[in-house]
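The values are calculated or read from the model by the stated rules, or taken from the named source; none is laboratory data. Bear in mind the structure is a predicted one, so any value in this text is a computation, not a measurement. Methodologically, a virtual Cβ is constructed for each residue, glycine included, from the backbone with ideal geometry; neighbour enumeration extends over all protein chains shown. In case anyone asks, the SASA skips ligands and DNA or RNA and just uses the protein heavy atoms, side chains included. Shrake-Rupley method; radii C 1.70, N 1.55, O 1.52, S 1.80 Å.
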Amino acid sequence: MNFPSKLIEDAVNEMSRLPGIGKKTALRLVLHLLKQKESVTEELSHALLALRKEIKYCQKCHNISDTDVCSICRGVRRDRSIICVVEDIPDVLAIENTSQYQGLYHVLGGVISPIQGIGPDELKIESLMERIRLAETEDKVEEVILALPATMEGDTTSFYITRKLKALNIKVSTIARGIPIGGELEYTDEVTLGRSILTRVNYSAD
Amino acid sequence: MHLKNIRLHQFKNYNKASVHFSEEINCFVGINGSGKTNLLDAIHYLCLTKSALNPVDNLNIKHQKDFFTVFGDFDLHGKEIEIKCIFESGKKKQLIQNGKAYDKMSEHIGLLPVVMIAPDDTSLIKDGSEERRKFFDNMLCQLNRKYLEDLIRYTHFLKQRNALIKQFAEKGRWNAELIEPYTREIMQLSKSIARMRHDFLKEYEPLLIEYYKTISGDQEKISIQYETQCLEDGFESTFKANEQKDFILRRSTMGIHKDDFVFQISEYPIKKFGSQGQQKSFVIALKLAQFMVFFKHLNTKPILLLDDIFDKLDDNRIERLMKLVADHEFGQLFISDARPERSQGILASMDADCRFFLIEEGEVTDWS
């Protein structure tokens, strides 16, 4: 792409480094900003800079936060006896949006994959153990829910964590896998369908 | 099942070609380098989405062109199936069945079974165990979905485990806790895959023995010895005890990737003790048994591609092989031969519809 101005070219190049943004979209955004009042651009760059400089990660669960300890970990109505382990920050948001979970979280920041050079030391696994061990008596952790991706790496990580937790003697569960709500059996992939038959649950008509 | 016609465009040494085939025997004749094998390979492409000779799609495009297409119409149980294979340099290969493109190439595999017998097949006997594992994996993957899935998982976990062992070796410290999830998967999958390989041989070996007898006229007893540690008692503890060795050698030294299929004749390995003739008969029997296994499981006779086979076999073996053809044991047959009068002599006496094609520098003409 040829640009009439070096300034536009620089702005487009920076903008198109973002995921999901190609050169054309970047150009459209840049030209849009130029048409707006100068304050719009100022507010945007201020917000981005502030985000980068002031964002914090919760010391307890490693979720994104404005304060040292995030709002979920501080929440008074939260059930402190359950910790849900997830791969990354968007997973916390996804589970929060279900409104079905009142416990706490723990964000690993990835899953174990030796090929990519990611081992337990690169993840917040030791911090999870520490957290459970050091919990005050009234906040004692009774259950850990593993909500990791249903991939080979996710499963390996779940297995590793479960083994580690064994010594701490607490309940470990993993989220159920099967047919999506509203899903047709005939369109479900065979592996999922096969597994949901193997791990079927009792049906209660009460 | 049979292939009714094929249309090539810029495939290997062909510019444009369109050929209508016989349902029974098709013989491609022409001098060396004229494109006989390439035509067989085009059929292989339509059935298995790739070349039998060259795994790099780019190298199958005609020199100095930038794409090739191979189209063909099949008849499968009375239904017409049109397959189009399109490859443009730098783009993803496309495979289209009756106007609909496949998402994954693997979905096509198994629909149109094909067995190819080629001159370099003796590598199955002469080369290392990898060739033999590939031969059996390839067959089992087409017949058994679970095998395919298990093998994909196994390959993945093995890669992860090997990467991990390398990291341990660099740090000089083994971490038993961290490697356990991988070890566990590899042990479980090894047992499951080895069991399926073992069970498959029970079905495959009798067919092999029968065809070997037919082809060679030999009374000697042949067998396949499946060598694996994965079905032995105490496999798990041996595997664990072996981890020290893994650490020193920096890779996983046990599992189904170490299995071998040893071909034997009168209880001696054919690799060392078989004569040239015995080895040739053996590989043909391997392929014909493959043909029969596909036929039994998929309920359709695979297409049989015989590349340059008359050159490699003596008259007795050819005669016996042709007797199987005459008995209509096979479905549609494609044969390539550099000496037209020889194949004509052999095939003329058959009670079958036989069509000859003369191939000259990428041009195909009917020749009878």
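The equivalent ellipsoid that matches the C-alpha gyration tensor of the range B:174-259 spans semi-axes of 36, 13, 9 angstrom, in descending order. Taken residue by residue and averaged, Cβ atoms of other chains lying within 10 Å of the Cβ of B:90-98 number 0. Once the gyration tensor of the Cα atoms in the range B:121-297 is diagonalised, the equivalent ellipsoid follows with semi-axes of 35, 17, 13 Å, ordered largest first.
Where does each of A:62, A:106, B:198, B:77 land when they are ordered by accessible area, with a 1.4 Å probe and the largest first?
Working: A:62 35, A:106 0, B:198 65, B:77 130 Å².
The ranking, largest first, comes out as B:77, B:198, A:62, A:106.
For chain B, a simple Cβ point-charge model (Lys and Arg +1, Asp and Glu -1, everything else neutral) yields a dipole of about 1320 debye relative to the Cα centre. Of A:20, A:194, A:75, the residue with the greatest mean-square motion in the GNM of chain A, using alpha carbon springs below 10 Å, is A:20.
Electrostatic tally near residue B:92: other residues with Cβ closer than 12 Å to its Cβ, Lys and Arg +1, Asp and Glu -1, net 0. Remark: the range A:77-202 is approximated by an ellipsoid whose semi-axes, taken from the C-alpha gyration tensor as √(5λ), come to 26, 19, 14 Å, largest first.
What dipole magnitude, in Debye to the nearest 20, does chain A give about its Cα centre under +1 on Lys/Arg Cβ and -1 on Asp/Glu Cβ? All intermediate terms of the calculation are to be shown ahead of the outcome.
Working: 26 positive and 30 negative charges, 49 e Å.
Here the size comes out at about 240 debye.
What does the buried accessible surface come to for A and B, summed over both chains, with the probe at 1.4 Å? Round to 100 Å². The contact between B and A buries close to 1500 Å². From its DSSP helices (H runs of at least four residues, each -39,500 (n - 2.57)), the protein assembly as shown gives a residue-normalised ellipticity at 222 nm of -14000 deg cm²/dmol.
Report the Stokes-Einstein translational diffusion coefficient (µm² s⁻¹, integer) for chain B, Rh taken as the Kirkwood radius over Cα pairs, at 25 °C with viscosity 0.890 mPa s. Mind showing how you got there, number by number?
On the way: Rh = 22.5 Å.
Rounded to a whole number, D works out at 109 µm²/s.
Can you list the residues of the range A:154-179 with backbone N under 14 Å from a point 7 Å past the Cα of residue A:118, pointing along Cα to Cβ? Under cut-off, by backbone N: A:154-158.
Antiparallel beta bridges, as assigned by DSSP with both residues in the protein assembly as shown, represent about 60 percent of the total such bridges. The C-alpha atoms of chain B define a longest principal axis, and helix B:315-326 lies at about 80 degrees to it.
Legend: mean number of C-beta atoms from other chains within 10 angstrom of residue C-beta atoms, peptide B:161-169, equals 2. Note on the protein assembly as shown: Cα-Cα pairs beyond 29 Å make up 69% of the total pair count. Here the protein assembly as shown is treated with +1 on each Lys and Arg Cβ and -1 on each Asp and Glu Cβ, and its dipole about the Cα centre works out to around 1240 debye. Between the residues B:174, B:231, B:217, the greatest Cα displacement towards the positive end of the dipole of chain B, with unit charges on the Cβ of Lys, Arg, Asp and Glu, is found for B:174. Averaged over its residues, chain B has an accessible area of 46 Å² per residue, based on protein heavy atoms and a 1.4 Å probe.
With a simple spin-label model that places each label point 7 Å from the Cα along the Cα-to-Cβ direction, the separation between residue B:314 and residue A:42 comes to 9.7 nm. In this rough spin-label picture, where each label sits 7 Å from Cα along the Cβ direction, the residue A:35-residue B:339 distance is 8.0 nm. Once you order the gyration tensor axes a ≥ b ≥ c over the Cα atoms, which shape class does the range A:6-54 get: rounded for a/c under 1.5, otherwise prolate or oblate by comparing a/b with b/c? Note, shape of the range A:6-54 comes out oblate. Diffusion coefficient of the range A:1-150 by Stokes-Einstein, Kirkwood radius over Cα pairs, 37 °C, 0.692 mPa s: 177 µm²/s. Please go through the residue pairs A:124/A:166; B:62/B:91; B:50/B:104; B:126/B:280; B:146/B:258; B:271/B:296 and name each one whose alpha carbons sit more than 22 Å apart in this structure. Result: B:271/B:296 exceed 22 Å. The residues neighbouring residue A:9, those whose beta-carbon lies less than 14 Å from its own, together hold a net charge of +2 under the Lys/Arg +1, Asp/Glu -1 convention. Ordering B:155, B:255, B:142 by Cα displacement along the dipole of the range B:121-297 toward the positive end leaves B:155 in first place; charges were set at the Cβ atoms of Lys, Arg (+1) and Asp, Glu (-1).
Leaving out ligands and nucleic acids, and using a 1.4 Å probe, what accessible area per residue does the range A:6-54 come to in Å²?
Details: 4240 Å² over 49 residues.
Each residue of the range A:6-54 exposes 86 Å² on average to a 1.4 Å probe.
Counting every Cα pair in the range B:279-368, what percent are over 22 Å apart? Pairs farther apart than 22 Å: 30 percent.
The residue among A:90, A:104, A:39 whose Cα reaches farthest toward the positive pole of the charge dipole of the range A:28-123, with charges on the beta-carbon of Lys, Arg, Asp and Glu, is A:39. Heavy-atom accessible surface of residue A:153, to the nearest 10 Å², is about 30 Å², with a 1.4 Å probe and all protein chains retained.
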